[in-house]
Number of protein chains: 2
Amino acid sequence: MPAGTGPHVLRRINVVTVLTALREGGPQRVADLVTATGLSRPAVSRAIDTLRAEGWAEDADQRSGAGGEIRVGRPAAVIRFRSEAGHVLGADVGPHKILAMVSDLAGNVIAERREDTHRLRGGEEVLRALLRITTDVLAEAGVPAGDVLSAAIGSPGLVDTKTGTVTLAPSIPGWASIPVAAELRSLLACPLSVHNDVNLAVLAERWRGTATEADDLVFVQWGARVGAGIMIDGRLLRGTNAAAGEIGFLDLAEHRGPDGPHIVTRDTMGPFERQVGASAIIELALAEAERQGDARLRELMLRARPHDDVAALFDAASAGSALAESIVDQIAARFARGLAAACLLLDPELIVIGGGVSRAGARLLTVVERHLRRRTLVRPRLALSSLGDTAVALGATRSALDDVERRHLSPDALGASR
Amino acid sequence: MPAGTGPHVLRRINVVTVLTALREGGPQRVADLVTATGLSRPAVSRAIDTLRAEGWAEDADQRSGAGGEIRVGRPAAVIRFRSEAGHVLGADVGPHKILAMVSDLAGNVIAERREDTHRLRGGEEVLRALLRITTDVLAEAGVPAGDVLSAAIGSPGLVDTKTGTVTLAPSIPGWASIPVAAELRSLLACPLSVHNDVNLAVLAERWRGTATEADDLVFVQWGARVGAGIMIDGRLLRGTNAAAGEIGFLDLAEHRGPDGPHIVTRDTMGPFERQVGASAIIELALAEAERQGDARLRELMLRARPHDDVAALFDAASAGSALAESIVDQIAARFARGLAAACLLLDPELIVIGGGVSRAGARLLTVVERHLRRRTLVRPRLALSSLGDTAVALGATRSALDDVERRHLSPDALGASR
């Protein structure tokens, strides 16, 4: 018999099968588990014994507050997955905020902490804030650091996922030089990974967002900067150098002189971001307002400028300003050109748009869709992110949960000691 | 024991293991197979019995001409895979030629037929030519139609791989309305599939071309038209509507008026093809030659025009014409913009460039690489296709072989009758 197919392996597969049924179907009786898994009653009982011994399952009524039904005779034991058997930490370190959350193994968020980072100066201060927020959120959740089984951090820029260091992050000065994973190890002994923020957002969209039904999707983060996370066949496309999805660096602008190209450098914004990012939108609106002598819109945009907040422009368009509407149309047309490149190359099922600009809502989506239609051969579905600015932290949570499943809840791990 | 893991399944897996060892390692003795597979001698013998009974293996000396070595004593039987146990048909139906090849199960091409299709008018004539060439190439190979286990056809345009019909093929007028797979069924009773030509080319590059070591690659067909085949993690990216890789429709040109965009329609060439395709190159060279009063280059380009053959331009550049060189540079700069979009979104390990224009060779590659470097964050390897215009037919052959492996040489099929 070849290695890896012996009866003890089958037994471990059965343990995972029963665990999966408990996690997906909630607390159940042995008889229910026999039906749900197709395994024999002795096989289910053996699996439950293993899960109990390793702390992943227990009788539901062992837990105060569970049940409460009045039963006649000896009730059949109801078994539950101990989602509190471990916890994960997911955090988003962005140019505007740090958001950290602690969740149980069922993905319930137990506690979260958020901090504005506008006033922080440089990577060192951001790191100190991250360490403090991590300590605080664990305390709030009542979870000792030792109970955290895995942690994942999202960061803008390019990330070397192998070493857990950010190699390029122009939006947080000084951040790229910090060994984030290594620093966090002073607080957490568990495995710890660092990921590109948009790659985490696409995980979150598929887990709990707009894309729960899609296997081939592109998530576009549309804010001060523009980036994309690509999922193909349910798997994240990281790229050979972990640099896939860099849609912000597309150069779709007109030629500039005989030599043409804008030169892409690693520490500036990309050509596409400069065309459609939040500050480009505000600058365009300001210029147009001045050109057309629209003092009201000019005033709104001047007030919006320091915060890169484009909401006022979209509000003005909704309120009937023809000028604001024409600016929204111009921006949507530009954005559709970049989106078209992703559609033509990838032909995804769904495109989810998130980030600050996407908060403009369905109106913006409709205009983008109209422009996109003229630029592609087939039409993907477009949708707005429903996760708001929690997408990256939720995606980090999902990534940490995936890691826990691989290391603790797989056939290789479960029942290995028996 | 769950379904699908019983001992008879293990036995079938062993049959595939032995077959794979024979196919990859060539004719071998039982003892060699024991070493190669890690299986026991009885298991190997049982597997060989099954393979013999089903016609996939035989003693090597059963075949005339095999062996020839003089041995002392009773020689141990040498077992071989019967690569002649079945055949596949792979064909490329393009705007310039039809190329069909018959191969054995080891992928050796037994016969091939090629026909210029310039003079054919419309899809019906192309179909009749394909049927005739298929009949001819099978006759030349001495393979009865019934021995063909699978056939695959490559076509330009968009293909509905489920029904085997081409839904869009502007480069062969009338071709899109022909139910190619259904028509070929009059000749071949085997499974028959139709694919986008560039998707087949990428399979061929990975099988026998420049990309045998790469799992993440983009193949760009650069000829009269421009298309890309994308492979991620060793798997072809087809897209939700089988329309991935449509790089020819990228719109990277300057804006045209306030409304900006070029409108993409399904039955014209795409904006990027119009910028860098063979005829765009010739028109640019003609215009420049006229502007600069270079009568020689103008003459060369006028002669090249009817055949979309750009070789003369690249030859002139190699021979020292500064004007030809500057045109090549302009074209390479334009091409690099499209390639940059693929790099930024996909971050592939390798980009292989094939098609008519790529025959310009290493000189062109160097210039494209120089321009690409200014437009991407990380640098993929660039290479020229080594398969010439046989890539699509070879890819069709590989696709048909894959189908044979799935249907005849997998654990589900082998030994199923025992």
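Listed from fewest to most Cβ neighbours within 10 Å, the set A:LEU89, B:LEU138 follows the order B:LEU138, A:LEU89. Each copy carries a label point for B:THR161 at 7 Å from Cα toward Cβ; from one copy, the others' points are 2.4 nm away, ordered from shortest. Modelled label positions at A:ALA287 and A:ALA182, each set 7 Å beyond Cα in the direction of Cβ, lie 4.4 nm from each other.
Each of B:VAL198, B:VAL109, B:VAL148 has some number of other Cβ atoms within 10 Å of its Cβ, and from fewest to most they run B:VAL109, B:VAL148, B:VAL198. Which value in nm describes the separation of the simple spin-label points at B:ASP49 and B:GLU84, placed 7 Å from the Cα toward the beta carbon? Modelled inter-label distance: 2.8 nm. If the Kirkwood radius is taken over C-alpha pairs of chain A, then at 20 °C and 1.002 mPa s the Stokes-Einstein diffusion coefficient equals 90 µm²/s. Against chain B, whose longest principal axis is taken from its Cα atoms, helix B:122-141 shows a tilt of about 40°.
Sequence gap at least 6, Cα distance under 8 Å: using those rules, report the relative contact order of chain A to the nearest whole percent.
On the way: 763 pairs, mean separation 68.9, N = 418.
Computed over chain A, the figure is 16 percent.
With its label point put 7 Å out from Cα toward Cβ, B:ARG41 sits 4.8 nm from the same residue's point in the other copies, in order from shortest.
Sparse packing (at most 12 other Cβ atoms within 10 Å of the Cβ) combined with a DSSP loop state is found for the following GluC sites (Glu not before Pro) in the stretch A:167-252: A:GLU213.
So if I place +1 on the C-beta of Lys and Arg and -1 on the C-beta of Asp and Glu, and nothing else carries charge, what would the dipole magnitude of chain B be about its Cα centre? I want it in debye, nearest 20.
On the way: 48 positive and 51 negative charges, 146 e Å.
That gives chain B a dipole magnitude of about 700 debye.
Each Cα pair under 8 Å and six or more residues apart adds its sequence gap; the mean of these over the residue count of the stretch B:210-386 is a relative contact order of 25 percent.
What separates the B:LEU10 label point from its copies, with the point 7 Å along Cα to Cβ, is 0.8 nm, written shortest first. Here's the picture: charge each Lys and Arg Cβ at +1 and each Asp and Glu Cβ at -1 in chain A, and of A:GLY90, A:GLN221, A:ALA317 the one pushed furthest to the positive end of that dipole is A:GLY90. Computed over the stretch A:337-410, the P(r) tail beyond 18 angstrom holds 53 percent of alpha carbon pairs.
Considering only A:PHE81, A:VAL404, B:VAL328, the residue lying farthest towards the positive end of the dipole of the protein assembly as shown is A:PHE81, judged by Cα position with unit charges set on Cβ. Taking the C-alpha atoms only, the angle from helix B:197-208 to the longest principal axis of chain B is near 60 degrees. GNM on chain B, alpha-carbon springs under 10 angstrom: the most fluctuating residue among B:GLY338, B:GLY86, B:GLY122 is B:GLY122. Pairs of Cα atoms in the protein assembly as shown fall into 10 Å distance bins, from 0 up to the last occupied one, in shares of 2, 11, 17, 20, 20, 16, 9, 3, 1, 0, 0 percent. Mean residue ellipticity, 222 nm, helices only, chain A: the sum of -39500 (n - 2.57) across DSSP H runs of n ≥ 4, divided by residue count and rounded to 500, is -13000 deg cm²/dmol.
Hey, what angle do you get for helix B:41-53 against the long axis of chain B, alpha-carbon based, 0 to 90 degrees rounded to 10? Roughly 70 degrees between the two axes. For the stretch A:119-227, trypsin sites (Lys or Arg not before Pro) are listed when DSSP marks them as loop and at most 12 other Cβ atoms sit within 10 Å of their Cβ; the list is A:ARG119, A:ARG121, A:LYS162.
Once you charge only the Cβ atoms, +1 for Lys and Arg and -1 for Asp and Glu, what is the size of the charge dipole of the stretch A:210-386 about its Cα centre, to the nearest 20 debye?
Working: 21 positive and 23 negative charges, 31 e Å.
Dipole magnitude for the stretch A:210-386 comes out near 160 debye.
Taking amide hydrogens as placed 1.01 Å from N in the peptide plane, the amide H of A:VAL194 sits under 5 Å from those of A:ILE153, A:GLY164, each at least 5 positions away in sequence or on another chain. Dipole size of the protein assembly as shown about its Cα centre, with +1 on Lys/Arg Cβ and -1 on Asp/Glu Cβ: approximately 1260 debye, rounded to the nearest 20. When A:ILE153, A:ILE13 are arranged by Cβ crowding within 10 Å, least crowded first, meaning fewest neighbours, the order is A:ILE13, A:ILE153.
Bear in mind these aren't lab numbers, they're just calculated from the coordinates by the rules spelled out. Here the structure is a predicted model, which is why all the values come from computation and not from measurement. Backbone-built Cβ (ideal geometry, glycine too); neighbour counts: all protein chains shown.
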